[in-house]
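Here is the structure we will look at, set down as structure tokens.
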Amino acid sequence: MKIDRVLTGKYPIYFFDLIQICGYNFFNPRIMNIDRDEFESYMERILEQIDLLHKKADRLIPDLAGKNTKLFDNQDLCQLLNVNKRTLQRYRSKGALKYLRIGGKTFYTTDQVNDFIRQGDF
């Protein structure tokens, strides 16, 4: 079957429709075969979107763009400061500990951690 696709120039594209049955979400897979030109065009559009996301991320976090800055996640910082995750949340809520949210995760730059330690709020 793989040989047939190469010879005919058809590539399978998998789509997933989200359907709900009795309040539960399920993915319903569909397969559509497209030719090589359509496939390459599709992949170019995906790569353009990825480049656009990178540019947006660089604008949102200008101090990290082009720098070799280390990012700590919650687990790293908990181990470094010898505190638990709830304590980090309290520091963030008070405004004592600055942080970044990237993709739903919380990160801390080296500068933010150093500033927090210098303030001595823990």
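Are there any pairs with C-beta distances below 8 angstrom linking a residue in segment 109-122 that is farther than 15 Å from Val83 by Cβ to a residue that is of a type in the set (Val, Ile, Thr) and modelled with pLDDT under 90, with the two at least 6 apart or on different chains, and if so which?
Thr109/Thr69; Thr110/Thr69; Asp111/Thr69
With the requirement that a residue be assigned to a helix (DSSP H, G or I) and surrounded by 14 or more Cβ atoms within 10 Å (Cβ to Cβ), what does segment 66-84 give you? Full working, then the answer.
Keep residues of segment 66-84 that are assigned to a helix (DSSP H, G or I), which gives 74-81.
Correct list: Asn74, Asp76, Leu77, Cys78, Leu81.
Check whether at least one residue in segment 24-32 is exposed (fewer than 13 other Cβ atoms within 10 Å of the Cβ), over 30 Å from Asp115 (Cβ atoms) and modelled with pLDDT of 75 or more, and report yes or no. Give the derivation first.
In the first step, residues of segment 24-32 are kept if they are exposed (fewer than 13 other Cβ atoms within 10 Å of the Cβ); the result is 24-32.
Narrowing further to those that are over 30 Å from Asp115 (Cβ atoms): 24-32.
Subsequent filtering for residues that are modelled with pLDDT of 75 or more retains none.
No; the residues of segment 24-32 include none that is exposed (fewer than 13 other Cβ atoms within 10 Å of the Cβ), over 30 Å from Asp115 (Cβ atoms) and modelled with pLDDT of 75 or more.
Note down all Cβ pairs under 6 Å where the first residue falls in segment 85-97 and is part of a helix (DSSP H, G or I), the second is surrounded by 12 or more Cβ atoms within 10 Å (Cβ to Cβ) and aliphatic (A, V, I, L, M), and they're at least six residues apart or on different chains.
Close Cβ pairs satisfying both conditions: Tyr91/Leu97.
The values are calculated or read from the model by the stated rules, or taken from the named source; none is laboratory data. Nothing here was measured: the structure is a model prediction, and the numbers come from that model. In this analysis, Cβ positions are derived from the backbone assuming ideal geometry, glycine residues included, and neighbour counts consider all displayed protein chains.
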